[in-house]
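A short worksheet on the structure shown next.
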Amino acid sequence: MHVKIVPVAGSGSGAAGQGGDAVDGTRAGLFPHGEGAAVVIDVLRATTTLVTALAHGAERVYPVASPAEAHKLRVELSPHPVVLAGERDSVRLPGFDLGNSPRDCTVAAVAGRYVVMSTTNGTAAMLALRPARVGVAAALVNLPAVAAALAGEETVTILCAGTKGSVSLEDTIAAGGLINHWQSNGQPVVTDDFGLVALAAYRAARTDLAGWLSRSQNGRRLLELGWPDDLDWCAGIGAFDIVPVLRHDERGNLYFGLV
């Protein structure tokens, strides 16, 4: 298996839409011919929240880049029940039903509904998966399930959302966790130097994931806002045995759902 890690995939600008230039994976050279499988990671907190929403009964999760597009898509998806989830700088967006906390995605809040999500970094990275042959969402909470699902792939590109254009510790750790899982199960992995850095980070952090997440830039921000429980939730490796897969609806909008 050849594994490439893109340390910072999200634009963080919130300026592009479902097909916006800022998240065009083909133009960025990530998938020049639509080849290979791709994984998007935003541990704190977009992909953790996405996984939690689907595990708790949401039918689909639609990533969009801007709050305006989220409101527009809600109208488009009517009459199906829709909830809006999202944040900027970790704070819930005005007029949205939920923030970007996985703890917001209770069964009562999301079951049987579509979730339309817009976040600072994660949703731009999700949208960058558009050209990939197979696109899935990973976080620590479903890492073993994603690793198992992609074990037969020859090429995997891991897109880390990062934080406003910078590398994030938590996404790097999770990317390394995927490599570690494949290697631990006897699968030869060829990766680049950043892949080796990610693997080392995961192996250093795996016995205290919550502690490491709390020392990251995003983790410190969540602690400042009084949300330590989010860190514990996001550090819960293997909590959910599900793999969100990227699909297109009948109108061409991207969403994540379960097989």
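Numbers below:
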item	result
Positions within region 54-96 being touching a residue at least 24 places away in the same chain (Cβ under 8 Å) and among the small types (Gly, Ala, Ser), in sequence order	ALA55, GLY57, ALA58, ALA65, SER66, ALA70, ALA85, GLY86, SER90, GLY95
Residue list for region 1-52, filter: modelled with pLDDT under 65, among the hydrophobic types (A, V, I, L, M, F, W, C) and assigned to a loop (DSSP other than H, G, I, E, B)	ALA15, ALA16, ALA28, LEU30, PHE31
From the options LEU199, LEU209, LEU225, residue that is under 18 Å from VAL40 (Cα atoms) and among the aliphatic types (A, V, I, L, M)	LEU199
Unique match (being surrounded by fewer than 16 Cβ atoms within 10 Å (Cβ to Cβ) and in contact (Cβ under 8 Å) with a residue 40 or more places away in the chain) among ARG206, ARG220, ARG251	ARG251
Near pairs, Cβ below 8 angstrom, 6+ apart or cross-chain, from region 164-182 (over 14 Å from GLY219 (Cα atoms)) to any residue that is assigned to a helix (DSSP H, G or I) and among the polar types (S, T, N, Q)	SER166/GLN217
Filter pass, ARG74 being more than 25 Å from LEU225 (Cα to Cα) and assigned to a loop (DSSP other than H, G, I, E, B)	no
Residue check for THR120: within 28 Å of LEU209 (Cβ to Cβ), at pLDDT below 95 and β-branched (Val, Ile, Thr)	yes
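The values are calculated or read from the model by the stated rules, or taken from the named source; none is laboratory data. Quantities reported herein were computed from a predicted structural model and do not represent experimental measurements. Every residue, glycine among them, receives a Cβ derived from its backbone with ideal geometry; neighbour counts consider all protein chains shown.
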